[in-house]
């Protein structure tokens, strides 16, 4: 009803603008005066949850890094730093990860994950058995 009274008393545009200003002022005053214990507890809970999530992700990353025989990866950057460090002898560095029982290597680069394999069964699966399931890049 307040908006109708404002429109009648001040005209359409001024009445609506006056009503919006009144509502905005009330909202700002309400938010400034109602920072209660519940709000503080909610903010603290969100902080604890975010801290727990970040710590959990770090622990998972550290465990994966220590148990993997693949190149060292970093959060967000992936193996970019390791590749840059070993750029002069990149082929030797990559082939050093292949052993008799470890024939497929995962390399993460920024947001992309690549797999390199020397396992004949994997090569046959990719190039012969399920050729249509793997993306191809048109070079020319």
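Annotations
- Filter result (surrounded by 13 or more Cβ atoms within 10 Å (Cβ to Cβ) and free of Cβ contacts under 8 Å to residues at least 24 places away in the same chain) within region 83-117: 86, 93, 94, 98, 103, 104, 116, 117
- Hits in region 62-81 (condition: in contact with a helix residue (DSSP H, G or I) (Cβ under 8 Å, 6 or more places away or on another chain) and under 26 Å from residue 126 (Cβ atoms)): 71, 72, 73
- In the set 83, 76, 139, 94, only one residue is at pLDDT below 80 and under 25 Å from residue 62 (Cα atoms); that residue is 76.
- Residues satisfying the stated conditions in region 4-42, i.e. modelled with pLDDT of 65 or more, outside any loop (DSSP other than H, G, I, E, B) and surrounded by fewer than 10 Cβ atoms within 10 Å (Cβ to Cβ): 37, 38
The values are calculated or read from the model by the stated rules, or taken from the named source; none is laboratory data. Just so it is clear, the structure is predicted and the values come from calculations on it, not from any experiment. Note: ideal-geometry Cβ built from the backbone for every residue, glycine included; neighbour counts use all protein chains shown.
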